[in-house]
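What follows is one structure encoded as structure tokens, with my remarks underneath.
The values are calculated or read from the model by the stated rules, or taken from the named source; none is laboratory data. Being a predicted model, the structure only gives us computed values, none of them experimental. Positions of Cβ are generated from backbone atoms using ideal geometry, with glycine treated the same way; all protein chains shown enter the neighbour counts.
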Amino acid sequence: MTADTARSRCLFYRNTLYLPATVDPVTGGINVRVGLVWAVEIPSHIAQLVKIDLHRRGQGGGPIVCNPRRAVWTFLIRSEVPAAVAAREAPLWNGHRMAILAPGTQVPLPSPQGRGVFYRRWITAPPGPYRPSGLVVLGSVRAALSALNQNATTTRIPRIPARV
């Protein structure tokens, strides 16, 4: 039985999952640089709805990395989102701490050094090289935000005027 090390895990990410992962020589953490693989960062309370919607659409919902300290999930997606679509979606995300991560951004992946409840972990581990369409993930984000907005507007109790 071999020990799980940052190097062995990084090789697994590269050779089996086709993620261009590297080991940070200073921290020993494993990162993937946004470029060939893109990433969307979403607060966990919204990301849960996005994941459910992706399952409903038959898109699997993963791979998804959780950062419990920031309460953020990172969806790894195919790099196919046109700049015009990203620009159109950005205003919808105002106030929600969501972003399509820029090329060159380092996305930390779960590593053997980070164990415990406050370290990154897979919400949905990649079953292989599959990554969902970025356009489908953005559609699920739109659906989740719509559901949140609808819920916020339909759960308010109207003020009833006092009888005179």
Considering only residues that are in contact with a Cys (Cβ under 7 Å, 6 or more places away or on another chain) and buried (at least 20 other Cβ atoms within 10 Å of the Cβ), look in the stretch 19-37 and name the one that is farthest from residue 87 (Cα to Cα). 30
Looking at (1) among the small types (Gly, Ala, Ser); (2) surrounded by 15 or more Cβ atoms within 10 Å (Cβ to Cβ); (3) at pLDDT 90 or above; (4) more than 14 Å from residue 64 (Cβ to Cβ), which is the one condition that is false for residue 99? (3)
Taking the stretch 38-61 and keeping residues surrounded by 20 or more Cβ atoms within 10 Å (Cβ to Cβ) and assigned to a strand (DSSP E or B) leaves 38, 39, 40, 42
I need the full set of residues from the stretch 43-64 which are in contact with a helix residue (DSSP H, G or I) (Cβ under 8 Å, 6 or more places away or on another chain) and closer than 17 Å to residue 119 by Cα, in order please. 64
Considering the stretch 89-109 alone, what residues qualify as being under 16 Å from the mean Cα position of the chain (by Cα) and assigned to a loop (DSSP other than H, G, I, E, B)? 96, 97, 98, 101, 102, 103, 105
When you go through (1) in contact (Cβ under 8 Å) with a residue 40 or more places away in the chain; (2) more than 16 Å from the chain's Cα centre (by Cα) one by one for residue 11, which number turns out not to apply? (1)
